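The values are calculated or read from the model by the stated rules, or taken from the named source; none is laboratory data. Small disclaimer: the values here were computed from a predicted structure and weren't measured. Here the Cβ positions follow ideal geometry from the backbone for every residue, glycine too, while neighbour counts run over all protein chains shown. These area figures cover heavy atoms from the full protein model, side chains too; ligands, DNA and RNA do not enter into them. Shrake-Rupley method; radii C 1.70, N 1.55, O 1.52, S 1.80 Å.
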Amino acid sequence: MKPYHPNEIEPKWQAIWEATKTFEAKDFAKQPKMYIAEMFPYPSGYGLHVGHVRNFMIVDVLARFYRTLGHNVMRPFGYDTFGLPAENYAIKSGLPPQETTLTNINHFREQFKRMGMGVDWSREINTSDPEYYRFTQWIFKKLFEKGLAYQADNFQWWCPVDKTVLANEQVENGHCWRCGSEVEKKRMKQWFFKITAYADELLADIDELDWPEKIKTMQKNWIGKSVGAEVEFEVENTKTERKTARGKTRDLPTKIKVFTTRPDTIFGATFVVLAPEHRLISQLVTKNTRGEVEQYVTSALRKSEVERQESKAKTGVFTGSYALNPMTKKLIPIWVADYVLGSYGEGAVMAVPAHDERDFEFAEKFDLPIVQVIEGGGGEKCYHGEGALVNSGQFDGIDSAKAREEIVRELAKLGIGREKTTYKMRDWLISRQRYWGAPIPIAYDKTGKAHAIPDDQLPVLLPKISDYLPDDSGHSPLAKDKKFMKVVINGEEMTRESDTMDGYACSSWYLLRYADPHNSQQAWDKKKVDYWNPVDCYVGGDHAVAHLLYVRFWCKFFADEGLLGFREPVKKLLYNGYINAPDGKKMSKSKGNVIDPLDIVEQGYGADALRTYEMFIGPYDMDAAWSTEGLSGVHRFLNRVWTLTQEYLNAKNPAKTAKHRQMLLKLQHSTIKRVTEDLHRNSFNTAVAALMEMVNGLYKLKVDGFSKEWGSAIQALLVLLSPFAPHLASELFEQLGGDLNRATWPEWDEKYLMAETATVVVQVNGKLRGKLTVDAASLEDVAKLEKLAKKEPSVKKYLEGQTIKKVIVLPKNKLVNIVL
RNA sequence: GGGCGAGUGGUGAAAUUGGUAUACACGUCAGACUCAAAAUCUGAUGGCAGCAAUGUCGUGAGGGUUCAAGUCCCUCCUCGCCCACCA
């Protein structure tokens, strides 16, 4: 008998799939389409480890499952090659990123193929390919033309190690998402995409998505919508103190805008606080306060975000000026404090210490007045709940929720306030002072005005330059390439933009490009995208906010441009957990605990065992720790499948009818049902368990010899197994004389699942006391079940001398409960 | 500090709608095969008491609802993730 040697059969089937283009997806086929993809990887130089590949295996299992079910499946693959991680790797290895990228792609592809991935390789995408990024640039232009790509001169996050600005989404607790170093604030003119224009829709549509709640909540928090009011506070005019050094009277700011979600507490606003970044500070200081304020502002701005977060102790200084509370008509002092954020709302707040904890802390520290204007809180000094208004003039007694509306209406009437909605989300900063990215397709004329590069000059090719190291100049290394920087547009000589685009720009539309990957005329053909997209199932374990928000933003923009016919790009999202090292720690090259999938394959376990094990290890959305014992258990299972099939093939004169025909059929059909239902609900681990149970059951039955009917049972088993262990399943199916590639997913017949006898559980007071074996027909007879239950010896002894209050008979649950 | 999720054998974990808790696998123990080992096959395996039949306890802790709770409700503990001065 032939032994199971995965390394002999796996290359054979991989070659067949490749040669016959088994997994190429057909546009516009009649069957229902099913588009399944993983978040494409950036091909790091270290290759994939067994933790990464879980993501791809989930996709492959689903793709093969739906394919066998008869769907027109597209399961593409690509590489996210532009961006910081790829460039940093190239720098480290001392080679140009063009070179390392190609090497890494080849390595990834090799690993991928040897894991038996059923990929449509004709749709392979590489974001640093000019044929791809010409359209990334084209999309930039589209956004630019619509005013959704713009430049702004502001404080930005700057990573001193990676020497580039970063988007808000790329700053994690004040640290760079890539290198982990502390970021700084730097004032720079940068390019932004106006994602905030879609903030409302991005928020509203979250509820309809079939995505994990965790991710949906994170996106909601990130967008951070607050409904409130914008109110203008008049600045008290005290001209005499406002002489400049030259003795001239300066222009006075006449008003300060604040944002508040609690306009109902305006009568309790006893001071105003400006963020240190606020533009009007220098005009509000007096000659007495100037020195102190300037010193405070300088030191506050120099503080890193991490330092600001570490200490929540309130600090601040008085500007020397006063504002008028428009409701109480009282003069209230204007302070500067770093607990107010410059980049949110108006960068200024009306402080209501009686009803806001931060304002309260500040007022306590600097001895500022605290006026209660909302009832409630039960004697707490600071109460931020709802309640009736007090100390609020004409609004006294009105409930806070209603007072919010009335006070805003009053402010509007006075022309000094209006309803306003703000978002925590900021626009997406996309320019990078780095080499390895898609050049921004912009050039500046002599006056400094930005012009889009004409379509016929796209792509703006990224030139190969020898010195591509980032520097502190605030410009990308491209700025040093004089030839690149010069461009003639419509006869006018201009200077190119030297910054490149954030890598996330490239990955924000690749899911559309897969539908039409070789189109050289346009980014995609609308018909193809409308056929394939949105993605039916998108699988990944990262990028909860950044990527998944950008993809949604661009989709909505494209829909508004008439480029596609849907407004959400991803129907269903599966967010998979990590596979960690055996000790539970993250696998990483630096810790030296990575396990290479190819090593597992070559050790003799094979790709099938690796795949099946990673599906069996636990629920796909939970983290798990790698275990070699677990892997060998799965390998043992596959070996049992192999052995069983060989024994069946070698059996001499199999009987016409199996001795335990009903048991065989029940085993077969119940397994079909379980595996099918488990795959539909993404319960991969229990699907594998069901297959193991079937094989264990077949081993017990084979003691009584094989029959011809075993052929269809084994074939069904192999088809059910094929998403997990496609090589083994294909090989054995062929040995049985069939072609798995043409096989359809088996269906179960409920009639085989009906047992002739059933076990009914008998409880007394909810405790298991006995079991009845009855024929199927008796299940319908409630009275009979009750009678049998009471007669059962193991039950009877509990009933003696007791009064039965109630008997619950549930034929469906095969349960009788006798209540005493 | 706020939000979300989780806590079940020696281990990874099942239990889909409130209805037999611990499926499947690992590990361990025993048996078969073998000169022997590995591999393979078969069986046992939640704790406690008992030769056994069996009894009893048992899903982080405590309470509640229910004929019946791992599952629902309340309080608390532990761990994980996310957000964190957003007015």
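Between A:Tyr150 and A:Glu307, the FRET efficiency from the beta-carbon distance, with R0 = 35 Å, is close to 0.65.
Among the listed pairs A:Lys708/A:Lys771; A:Lys113/A:Lys673; A:Lys194/A:Lys571; A:Lys92/A:Lys449; A:Lys186/A:Lys220, which have their C-alpha atoms separated by more than 26 angstrom in this model? Long pairs (Cα-Cα over 26 Å): A:Lys708/A:Lys771; A:Lys113/A:Lys673; A:Lys92/A:Lys449; A:Lys186/A:Lys220. Given +1 at the Cβ of Lys and Arg, -1 at the Cβ of Asp and Glu and no other charges, the dipole of chain A around its Cα centre is 1120 debye to the nearest 20. Residues of the stretch A:164-187 with amide nitrogen under 20 Å from the 7 Å Cα-to-Cβ point of A:Lys589? Residues passing the 20 Å test: A:176-181. Computed extension gain for A:Glu234 through A:Ser299, at 0.36 nm per residue and net of the alpha carbon distance, reaches 20.6 nm. Applying 1/(1 + (r/R0)^6) with R0 = 45 Å to the Cβ-Cβ distance of A:Asp455 and A:Thr261 gives a FRET efficiency near 0.50.
Think of the stretch A:684-820 as having a plus end and a minus end, set by charges on the Cβ of Lys, Arg, Asp and Glu; of A:Asn765, A:Gln715, A:Ala783, A:Asn765 sits farthest toward the positive end of this dipole. Simple point charges give the picture: +1 on the Cβ of Lys and Arg, -1 on the Cβ of Asp and Glu, and for the stretch A:1-133 a dipole about the Cα centre of about 600 debye. Of the GluC sites (Glu not before Pro) in the stretch A:575-667, not one is in a loop by DSSP (not H, G, I, E or B) with at most 13 other beta carbons within 10 Å.
Each peptide among A:663-673, A:133-143, A:153-163 gets the average number of other Cβ atoms lying within 10 Å of its residues, and from highest to lowest they stand as A:133-143, A:663-673, A:153-163. Here the stretch A:422-569 is treated with +1 on each Lys and Arg Cβ and -1 on each Asp and Glu Cβ, and its dipole about the Cα centre works out to around 100 debye.
What does the extension gain come out to for A:Ser343 and A:Glu602, with contour length at 0.36 nm per residue minus their alpha carbon separation?
Working: separation 259, 0.36 × 259 = 93.24 nm, distance 5.47 nm.
Length difference between fully extended and current span is 87.8 nm.
Near A:Asn126, the amide H atoms lying under 5 Å from its own belong to A:Tyr79; only residues 5 or more places off or on other chains count, and H is placed 1.01 Å from N. Under 1.5 on a/c is rounded, so check that first for the stretch A:46-157, then, if it is not, pick prolate when a/b is larger than b/c and oblate when it is not; a ≥ b ≥ c are the square roots of the alpha carbon gyration tensor eigenvalues. Since a/c reaches 1.5 but b/c is at least a/b, the shape of the stretch A:46-157 is classed as oblate.
Counting only DSSP beta bridges with both residues in the stretch A:23-175, tell me the antiparallel percent, nearest 5.
Values: 4 of 9 bridges.
Bridges in the stretch A:23-175 that DSSP calls antiparallel: roughly 45 percent.
May I ask you to derive the FRET efficiency for A:Asp621 and A:Asn696 from their Cβ-Cβ distance with R0 = 30 Å, giving the value to the nearest 0.05? Please list the in-between numbers first.
Numbers: r = 27 Å, r/R0 = 0.91.
Step by step, r from the Cβ atoms, then E = 0.65.
Under the criterion of Cα pairs below 8 Å and six or more residues apart, the relative contact order for chain A equals 14 percent. Each of the peptides A:199-206, A:39-46 was scored by the mean count of other Cβ atoms within 10 Å over its residues; in descending order, highest first, they stand as A:39-46, A:199-206. When the solvent-accessible area of chain A is split by element, carbon and sulfur atoms take up 50 percent of it, the probe being 1.4 Å. A simple spin-label model places pseudo-atoms 7 Å from Cα toward Cβ; at A:Leu95 and A:Leu820 they are separated by 7.9 nm.
Of all trypsin sites (Lys or Arg not before Pro) in the stretch A:1-64, which ones are in loop regions per DSSP and have a Cβ with at most 16 other Cβ atoms within 10 Å? Those that pass, being in a loop and sparsely packed, are A:Lys21, A:Lys26, A:Lys30. Principal-axis analysis of the Cα atoms of chain A puts helix A:213-223 at an angle of about 10° to the longest axis. Legend: Rg and Dmax of chain A, from Cα coordinates, 34.4, 115 Å.
Considering only chain A, what is the antiparallel percent among its DSSP beta bridges, to the nearest 5?
Antiparallel: roughly 75 percent of the beta bridges in chain A.
For chain A, the longest principal axis of the Cα atoms and the long axis of helix A:661-680 meet at an angle of about 10 degrees. Simple rule: put +1 on each Lys or Arg Cβ and -1 on each Asp or Glu Cβ in the stretch A:366-467, find the dipole, and look at A:Gly377, A:Ser431, A:Gly397; the Cα lying farthest toward the positive end is A:Ser431. Ranking A:Thr645, A:Gly78, A:Tyr538 by Cα position along the charge dipole of chain A, where only Lys, Arg, Asp and Glu carry charges on their C-beta atoms, puts A:Thr645 farthest toward the positive end. Solvent-accessible surface of chain A, averaged per residue with a 1.4 angstrom probe and all protein chains in place: 45 square angstrom. To test your reading of the geometry: what angle, between 0 and 90 degrees and rounded to tens, separates the Cα axis of helix A:290-302 from the longest principal axis of chain A? The two axes meet at around 20 degrees. By the rule of a C-alpha distance below 16 Å, with chain neighbours fewer than 8 residues away ignored, the aspartates and glutamates paired with A:Lys526 are A:Asp27, A:Asp516, A:Asp560, A:Glu561, A:Glu568.
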